[in-house]
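Below is one structure, written out as structure tokens; comments come after it.
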Amino acid sequence: MLRIDGMLIKPIQRLTRYHMFLSSLSKTCKELGYTEASHEYSAALESILSAANHTNTMMWIGKMENCPLDLSGQGQLLKHGKVLTKCLAGSLKKGRRWSTRSQKPSPCYLFLFQQTVVLCRTSENCVEQNSPHLYYLNHISVNQVRIRDTIADNLNTFEVHKLENIKVGISVMGQSKPSEHKKDTKSGVIMRIECESENVKDDWVRAVNSEVKQLRSMARSLASQFTSLP
């Protein structure tokens, strides 16, 4: 026989049921003519649905394979979506390793956290088609990011560069040959991302640059506080 705590739903399970309660309240208030109350319950309903969706997304990301990061410690998830990438191979020009045109782009997922950008390879999930399997490929700290948003004549592509002391020759897929490593004290390509449209690319560039700017502003503020101490 189950104890009472076994029959009660857990707090995380309630999250998926609140929307039914709030939806019913909003509908009833609307029928009774309580328009303002109906709008308030509708707003609460949207917040609950958003929280439930975010919870499901984080549970899906938490199943990422071979990830060396503690994703729960990377700050809030700000943006994620499908992208295409190519292994960076070919000749080295001006600190960049260019991809060959013959290479076929690979479907991936890109995640922007407050502290980190993470790139994953994907494969089909037969059980949950909307949640493909994720396999870690690469990551870079946001405070080391520089975005190059104009790549030749490809308006849908942008590059993620790593600042300071990096090793040129690291591919988008996180693979490299030791003999090809070369120090570059400025920046080098870590990821080359192709989006489905120029608008989507612009959204990604704005989101990443906004977070980079915010982190660097915070760093400058903290530095000025320390230097002003007696």
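The values are calculated or read from the model by the stated rules, or taken from the named source; none is laboratory data. What you see is a predicted model; the values in this text were computed from it and never measured. When we count neighbours, we look across all protein chains shown, and the Cβ atoms used for this are built from the backbone with ideal geometry, even at glycine. Protein only, heavy atoms only, side chains kept; ligands, DNA and RNA dropped before computing areas. Shrake-Rupley method; radii C 1.70, N 1.55, O 1.52, S 1.80 Å.
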Practice item. Can you tell me which residue within region 190-207, out of those that are under 17 Å from His139 (Cα atoms) and within 14 Å of the chain's Cα centre (by Cα), is modelled with the lowest pLDDT? Key: Met191
Check your understanding: If you take the residues of region 38-61 that are open to solvent by less than 30 Å² (accessible area, probe 1.4 Å) and touching a helix residue (DSSP H, G or I) at 6+ places or on another chain (Cβ under 9 Å), which of them is farthest from Ser123 (Cα to Cα)?
Key -> Ser38
Point to revise | Selection count where residues are out of contact with any strand residue (DSSP E or B) (no Cβ under 7 Å at 6 or more places or on another chain) and within 19 Å of Tyr109 (Cα to Cα), scope region 197-230 | key: 7
Review point. Taking Val168, is it among the aliphatic types (A, V, I, L, M) and either at positive phi or at pLDDT below 90 (or both)?
Key: yes
**Study point:** Conditions (1) touching a Leu at 6+ places or on another chain (Cβ under 6 Å); (2) part of a helix (DSSP H, G or I): number failed by Leu215
**Key:** (1)
Point to revise | Flag if Ile140 is in contact with a Ser or Thr (Cβ under 8 Å, 6 or more places away or on another chain) and either modelled with pLDDT under 90 or loosely packed, with under 14 Cβ neighbours inside 10 Å (or both) | key: no
Check your understanding: Is there any pair linking a residue in region 205-220 that is of a type in the set (Lys, Arg) to one that is open to solvent by 60 Å² or more (accessible area, probe 1.4 Å), with Cβ under 8 Å and at least six apart or on different chains, and which?
Key -> Arg216/Asn143
Point to revise | Some residue of region 151-162 being open to solvent by less than 30 Å² (accessible area, probe 1.4 Å), in contact with a His (Cβ under 7 Å, 6 or more places away or on another chain) and modelled with pLDDT under 90 | key: no
Check your understanding: For region 208-226, does any single residue satisfy the condition of being open to solvent by 80 Å² or more (accessible area, probe 1.4 Å), more than 17 Å from the chain's Cα centre (by Cα) and among the polar types (S, T, N, Q)?
Key -> yes
Revision key, fill the gap. Of the residues in region 101-121, those that are open to solvent by 30 Å² or more (accessible area, probe 1.4 Å) and either modelled with pLDDT of 85 or more or touching a Ser or Thr at 6+ places or on another chain (Cβ under 9 Å) (or both) number 6
